[in-house]
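Shown next, in structure tokens, is the structure this report addresses.
What follows draws every value from the coordinates through simple rules; no lab data is involved. A quick note: this is a predicted structure, and the numbers were derived from the prediction, not measured. Methodologically, a virtual Cβ is constructed for each residue, glycine included, from the backbone with ideal geometry; neighbour enumeration extends over all protein chains shown.
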Protein chains: 2
Amino acid sequence: MIYIGIDLGGTKINAAVFSLNGVILHQASALLGGRKGPEVGQLMIEIVRELLSQTAVRNETVSIGVCVPGIAYSKTGTVWAPNISGWENYPLREELQRAFPRSVVLIESDRTCYILGETNFGAAKGCENAVFMAVGTGIGVGILIDGMVLHGKSDIVGAIGWMALKPPYVPEYDACGCYETYASGTGLALQARKLLREKSSYEGVLRSFPIEEITSYHVFDAWESGDPIAEKVLGQAVEMWGMAAANIVSLFNPELVIFGGGVFGPGAKLLGRIYEEACKWAQPVSIRQTKFIATALPGTAGLYGAGAIAIQNAKTFDAKRIYYGD
Amino acid sequence: MIYIGIDLGGTKINAAVFSLNGVILHQASALLGGRKGPEVGQLMIEIVRELLSQTAVRNETVSIGVCVPGIAYSKTGTVWAPNISGWENYPLREELQRAFPRSVVLIESDRTCYILGETNFGAAKGCENAVFMAVGTGIGVGILIDGMVLHGKSDIVGAIGWMALKPPYVPEYDACGCYETYASGTGLALQARKLLREKSSYEGVLRSFPIEEITSYHVFDAWESGDPIAEKVLGQAVEMWGMAAANIVSLFNPELVIFGGGVFGPGAKLLGRIYEEACKWAQPVSIRQTKFIATALPGTAGLYGAGAIAIQNAKTFDAKRIYYGD
């Protein structure tokens, strides 16, 4: 059996051949470069062919795990990926299985892959109760509980960006939910821009940039130099990250909450303050059993998670069923 | 196989013999009457003996499911039940198995039993993704997702009473968490008393009672007659119930959120308003797939859930193992 993990991002595809214990044996990647719909599927197939040509083994069954930035519908094997044009209900599993008749394919959402990457090969190795809080442009959580990843009625679990944390409801929350409005990368920039417009007396470092070009990276840079607007924005975000993580602890009783995504990253320096905030709110016994840590696989949790599902799926798969192609 | 479900409440024990499809064949109950520690275990054993004496079958294996008001530690079979003196780490499974050598015993928390009662025999029959929001003196959730109930690292899942919903953190939340402070039975009374103290000009129906004796039932009664303090307290609670339910929907993508416990009950009239509030906050695709309903098993969800786990546990149990007593 050959194990291939594929991480489909918004701008590129990373893929690798894994050994059973998670060592990357061969690697390949390609930029999407504006590709749409089936062109992206075709590119993925080419990358898998490239990887297979690098392996010495021939005529071997291939177990493919794919990490997608959106929703992986587990019953149909189709994918909704909002950043890839034409991927509303894209039949990815069928396409890969047609291209590689001796294959078994499993597709999971990025948030699910992140937690499986960490629990199989990263910071949470062997852990059966852990949650990955992915804070980037948006916010999602991957949930492993009692050793199983959750899916829900139609595979839309973990949409924590919509978490209600600060009433009353205001129209600002319409676009992507209350929690994201304050605490995603986009949200941090949004809050900073709002304060810059309001505080005409402010003359700090964030005034060096046109307001509309301020990003979360500017906010973190300014915060390092003690900027008051950056401190206000991140202080507010610490409260929200702490509340959201506390809610995860009270609901799931996990051993670990792992913070990752582009914002953690620089946000990792705030983990102590976030834990302190969470301690105020969470179920008091559970929070004492939970550690908050930063991802051990920055930028690669999705790829390792895709490798992990390829390996797991192969174990449960009845190999005989896949030889119908012969 | 004989299936017995036992619901241990704070003041009494209800128990029943169930048929495989959830019909109650025999029933027995007893008040705790101030019993403590092992006396409660002894009473439970007597009730099971009473039920067994009512069944015609002799020398048959017994599958016992128990619903407890607290935490059921799944690995050890011990129980933490704060309302029963001496039940900090009570070895209930061991005690029942010693008393009934031809038995198999499974213990679950009340919130877990509520959701299993509903999904096996109640409003959510056959449903694999549903959450039971139990609002009484406190608030907890029983979570069934992908057909499995969740347990977490040490069986403290579903402690939603501690959910962070309204920053900043205030000392009022210390006792039992933010969500309960506004929206449990105790919380409703607390908020009403606070307003009665603050609004000296108020002369409505809630003034008929000494402030310290006001309960959530007085609040619901006053609300029926259009009382402004009751409307304010319940309006605030509707916002919290809606936000908490929205968070459940965004995290779990369930088909159903079932409201039960003493407060739903009278609170069931507010379900329309609660759903409307949740629609503002929740992941927009998930909320359209979710229905909010009131329990179909008021007061008996725990007993039916205990029956359900007795039946389920027997199915997975290797009957041979239990004859060591012979």
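Please give me, ordered by residue number, the GluC sites (Glu not before Pro) of the stretch A:21-74 that lie in loop per DSSP and have at most 14 other Cβ atoms within 10 Å.
Numbers: sites: A:39, A:46, A:50, A:60; in loops: A:60.
Loop-located and lightly packed - A:60.
For residue B:276, which inter-copy label distances result when the label point lies 7 Å beyond Cα on the Cα-to-Cβ vector, reported in nm to one decimal and in ascending order?
Nearest to farthest, the other copies are at 4.2 nm.
Residue by residue, what Karplus-based ³J(HN,Hα) values in Hz, rounded to whole numbers, does the stretch B:225-232 have, using 6.51, -1.76 and 1.60 with θ = phi - 60° and x for Gly and Pro?
Result, rounded to whole Hz: 9, x, 5, x, 5, 4, 5, 5.
For an R0 of 41 angstrom, estimate the FRET efficiency from the Cβ-Cβ distance between residue B:273 and residue A:201 and round to the nearest 0.05.
Numbers: r = 43 Å, r/R0 = 1.05.
Here the calculated transfer efficiency is 0.45.
Projected onto the charge dipole of the stretch B:126-294 (+1 at Lys/Arg Cβ, -1 at Asp/Glu Cβ, origin at the Cα centre), which of B:216, B:275, B:191 gives the Cα projection farthest towards the positive end?
B:275
Out of B:149, B:226, B:260, whose Cα points farthest toward the positive end of the dipole of the stretch B:126-294 (charges: +1 Lys, Arg; -1 Asp, Glu; placed on Cβ)?
So the residue furthest toward the plus end is B:226.
Fully extended, how many nm does the chain gain between residue B:174 and residue B:154 (0.36 nm per residue separation, minus their Cα-Cα distance)?
Numbers: separation 20, 0.36 × 20 = 7.20 nm, distance 2.23 nm.
Taking 0.36 nm per residue and subtracting the Cα distance, the gain is 5.0 nm.
If every alpha-carbon in the stretch A:128-294 counts as one equal scatterer, what log10 I(q)/I(0) does Debye give at q = 0.15 1/Å?
Summing over Cα pairs of the stretch A:128-294 leads to -0.81.
Holding the Cα-Cα limit at 19 Å, pick out from A:194/A:280; A:12/A:36; A:291/B:153; A:75/B:125; A:125/A:291; B:269/B:291 the pairs that are longer than that. Please list the in-between numbers first.
Details: A:194/A:280 28 Å; A:12/A:36 12 Å; A:291/B:153 12 Å; A:75/B:125 21 Å; A:125/A:291 14 Å; B:269/B:291 15 Å.
Table pairs above 19 Å Cα-Cα are A:194/A:280; A:75/B:125.
Per 20 Å bin, what percent of the C-alpha pairs of the protein assembly as shown does each bin hold, from zero upward?
Histogramming the protein assembly as shown at 20 Å steps yields 18, 46, 30, 6, 0 percent.
Which distance in Å, rounded to a whole number, links the C-alpha centroids of the stretch A:274-308 and the stretch A:6-57?
Value for the Cα centre distance between the two parts: 28 Å.
Starting at 0 and stepping by 10 Å, how many percent of the alpha carbon pairs of chain A end up in each bin?
With a bin width of 10 Å, the distribution comes to 6, 25, 31, 22, 12, 3, 1, 0.
Could you pull out every Cys in chain B that lacks a partner Cys with its beta carbon under 4.7 Å away?
B:127, B:176, B:178, B:279
Give me the net charge for the shell around residue B:43: Cβ to Cβ below 15 angstrom, other residues only, Lys and Arg +1, Asp and Glu -1.
Working: positive: B:12, B:35, B:36, B:49; negative: B:7, B:39, B:46, B:50, B:95.
So the environment of residue B:43 carries a net charge of -1.
Mind listing the long-range amide H neighbours of residue A:62? Cut-off is under 5 Å, sequence gap 5 or more, other chains count too, H placed in the peptide plane at 1.01 Å from N.
It is A:2, A:103, A:104, by chain and number.
Can you work out the Karplus-derived ³J(HN,Hα) for every residue in the stretch B:23-31? Use 6.51 cos²θ - 1.76 cosθ + 1.60 with θ = phi - 60°, whole Hz, and x for glycine or proline.
7, 7, 9, 9, 9, 8, 8, 7, 6
Once the Cα gyration tensor of the stretch A:11-156 is diagonalised, what are the square roots of 5 times its eigenvalues, in whole Å and ordered largest first, as equivalent ellipsoid semi-axes?
Values: eigenvalues 113, 82, 43 Å².
Gyration-tensor ellipsoid for the stretch A:11-156: 24, 20, 15 Å.
Say a label goes 7 Å from Cα toward Cβ at residue B:288 in every copy; what distances in nm does this one have to the rest, shortest first?
Output for residue B:288: 4.6 nm, nearest copy listed first.
Determine, for A:78, B:295, the number of other Cβ atoms within 10 Å of each Cβ, and report the residues in order from fewest to most. Kindly include the intermediate steps, with their values, before the conclusion.
Working: A:78 19, B:295 24.
Starting with the residue having the fewest Cβ neighbours, the order is A:78, B:295.
Compute the length gained on full extension between residue A:31 and residue A:60: take 0.36 nm times their separation in residues and subtract their Cα-Cα distance, giving the result in nm to one decimal. Could you put the intermediate results ahead of the total?
On the way: separation 29, 0.36 × 29 = 10.44 nm, distance 2.79 nm.
Here the answer is 7.6 nm.
Say a label goes 7 Å from Cα toward Cβ at residue A:175 in every copy; what distances in nm does this one have to the rest, shortest first?
4.2
Scanning chain A for trypsin sites (Lys or Arg not before Pro) in DSSP loops with at most 12 other Cβ atoms within 10 Å, what's the longest stretch left with none?
Numbers: sites that count: A:36, A:58, A:75, A:125.
Between exposed loop sites, the widest span is A:126-326.
Hey, fewest Cβ within 10 Å first, where do A:309, B:6 land in order?
Numbers: A:309 26, B:6 29.
By the 10 Å Cβ count, ascending, the order reads A:309, B:6.
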